[in-house]
Amino acid sequence: MRLLLALSLALLLTGCASSGTWGWYVINPATDTGWTNIKFLISGMGNTILISVIAAAISIVLGLLVALPGQSKKKGWRIVNRVYVELVRSIPLLPMLFWVFYGLPIVFKSMGLNIPIDPFWGAIITLAVSDSAFTAEIYRSGIQSIARGQSEAAQTIGLSYAQTMRYVILPQAIRRILPPLANQFIYIVKMSAFASVIGMQELTRRANELVVTEYRPLEIYSLLIVEYLVLVLVISAGVRWLERKMGSDERV
Amino acid sequence: MRGAAIEIVDVNKWFGDFQALRDINLSIATGEKVVICGPSGSGKSTVVRCINRLEEHQSGTISFNGVELTNDPASVASIQGDIGMVFQQFNLFPHLTVIENLMLGPMKARGLSREEAVNRAKQYLERVRIPDQANKKPAHLSGGQQQRVAIARSLCMEPKVLLFDEPTSALDPEMIAEVLDVMEELAREGMTMIVVTHEMGFARKVADKMVFMDNGEIVEQAAPEDFFERPKTQRCQKFLSQILHH
Ligand SMILES: Nc1ncnc2c1ncn2[C@@H]1O[C@H](COP(=O)(O)OP(=O)(O)O)[C@@H](O)[C@H]1O
Ligand SMILES: [Mg+2]
């Protein structure tokens, strides 16, 4: 990670040196235009984080709802789980985004519902659904990592399926589930860039808009990449902290 | 004559193509202690697990206090808690303390208040002679202590029948006695017990009925005196001589 950061910095600096191709001024914080541009670019950060966080929160709940039928004794429920996971995993994000943003309102209208979908919720729904298939698989492996004897013991003291999950399985599975879930958040952050194509004012959209007015794609997209890099590095640091914490709990 | 607590009639069970139980017939009266023995893979665990619905049987009937057990969730829920089970591997909940392990069933399945559950848990920890370990995690206890906690956890549901599936097989030899002592005490107090074990000393002391299984069948069923002194089949004789001279 640190190496990556150094590399990208080096890239930037060599760019600066050969100032023939590198127009430092567009993003030079010392000049007024540069600083205004940087502020404009970074102002997308709030939305990128916001849609990622909301999508992740929905995905965490949705993923669990998808994972539980996969643990059922009834074959029908397991099939529901498999179909959902396989289907959602196979759809590329961009077509799904178009379908949700342009197609879903038509479906709603044909059902007599008038639910407009704005870029904000269009992006969140798509990211959440797309991610939920992965989240569901994370839950599945976490739940399956808990020995069968645990749920059998819970059954013999009269706990229902829901109580067994709530009090016995999930509390034990959670330490194996949390780190990969947090890792999955990185996926959402990166995929949230697609929201720019339906007009969501996030990091990538801001960069695109500035490129149109400044004609400086190299500098602006370089800065964009650095923005994502910083965001992702911060999250990974958080994930590693979480992994250490979970790991050390396990040894007690 | 007290009525049968558990009545197993003509039960067959398959795992895929493999027949694990063949025409099992067994009747256990209230207060009776039945010890099941037999070579590994003979179907002892499967019988016990069919009784408390951890496994489904495919033909025949199993009834508990006159009510036939089916695989419908309501039937399953109605017996669990009433038919307690002690596993070879203890299966305590590692993320909970000892007393929390004991309180979970009474609070969530029986609707006791926290205070009632604490009192009941303490009472049964007393019974299995580890009142001082209440706030430890199971991993900090010895195997013998863990198994006694597992017994106490079952007792907290105040079950009508207790099933034991090789409760001392995973224990170091020096810990076996402390678990068997607790089980003997339960037997003296009149608990209905079905115990899968190879501890023949324990069987002689507490069993009202001995059951020998081989190959998915009940080969012999007899009172302990007859069973140990006059085994009828060769298979049973061979098994007993192996196990008693071990
Ligand atoms: N879940 C299962 N799936 C397939 N076969 C099983 C399963 N459980 C048990 N068996 C088989 O059924 C037979 C009886 O097993 P079990 O009742 O555990 O024997 P015991 O407890 O007497 O050692 C064994 O041959 C075992 O391999
Ligand atoms: Mg067994």
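From B:S78, B:S27, B:S63, B:S42, which residue is open to solvent by 20 Å² or more (accessible area, probe 1.4 Å) and modelled with pLDDT of 95 or more?
On the way: B:S78 fails: modelled with pLDDT of 95 or more; B:S63 fails: modelled with pLDDT of 95 or more; B:S42 fails: open to solvent by 20 Å² or more (accessible area, probe 1.4 Å).
Criteria check complete, one pass: B:S27.
For segment B:29-76: of the residues being of a type in the set (S, T, Y) and more than 16 Å from ligand 2 (Cβ to nearest atom), which is nearest to B:P167 (Cα to Cα)? Only one residue fits best here, namely B:T30. Just a yes or no: is a residue in segment A:174-182 open to solvent by less than 20 Å² (accessible area, probe 1.4 Å) and outside the structural domain of A:R148 (by TED's automatic domain parsing)? Among the residues of segment A:174-182, not one is open to solvent by less than 20 Å² (accessible area, probe 1.4 Å) and outside the structural domain of A:R148 (by TED's automatic domain parsing), which makes the answer no.
Filtered by the rule that a residue be more than 9 Å from every other protein chain (Cβ to nearest Cβ), without any contact (Cβ under 8 Å) to a residue 24 or more places away in the chain and outside any loop (DSSP other than H, G, I, E, B), segment B:80-116 gives B:E100, B:M107, B:R114, B:E115, B:E116.
Of all residues in segment B:35-49, those satisfying the criterion of being within 14 Å of chain A (Cβ to nearest Cβ) and either in contact with a strand residue (DSSP E or B) (Cβ under 7 Å, 6 or more places away or on another chain) or within 6 Å of ligand 1 (Cβ to nearest atom) (or both) are B:S45, B:T46, B:V48.
Could we say that A:G142 is touching a Leu at 6+ places or on another chain (Cβ under 9 Å), away from chain B (no Cβ under 14 Å) and not hydrophobic (A, V, I, L, M, F, W, C) here?
Details: touching a Leu at 6+ places or on another chain (Cβ under 9 Å): yes; away from chain B (no Cβ under 14 Å): no; not hydrophobic (A, V, I, L, M, F, W, C): yes.
Here the answer is no, as A:G142 does not meet what is asked.
Selection of helices (runs of 4 or more DSSP H) fully inside segment A:15-106 by the criterion of at least 2 residues being more than 19 Å from A:F120 (Cα to Cα) returns A:32-42, A:45-70, A:75-90.
Restricting attention to segment A:196-247, which residues are small (G, A, S), more than 18 Å from the chain's Cα centre (by Cα) and surrounded by 15 or more Cβ atoms within 10 Å (Cβ to Cβ)?
A:A207, A:S222
The single condition from (1) part of a helix (DSSP H, G or I); (2) surrounded by 12 or more Cβ atoms within 10 Å (Cβ to Cβ) that A:I117 fails is (1).
The values are calculated or read from the model by the stated rules, or taken from the named source; none is laboratory data. In this text the structure is predicted, and so the values were computed from the model without any measurement. Using ideal geometry, Cβ is built from the backbone for each residue, glycine included, and neighbour counts are taken over all protein chains shown. Ligands, DNA and RNA are stripped out before the accessible areas are found, and what is left, the full protein with its side chains, is counted by its heavy atoms. Shrake-Rupley method; radii C 1.70, N 1.55, O 1.52, S 1.80 Å.
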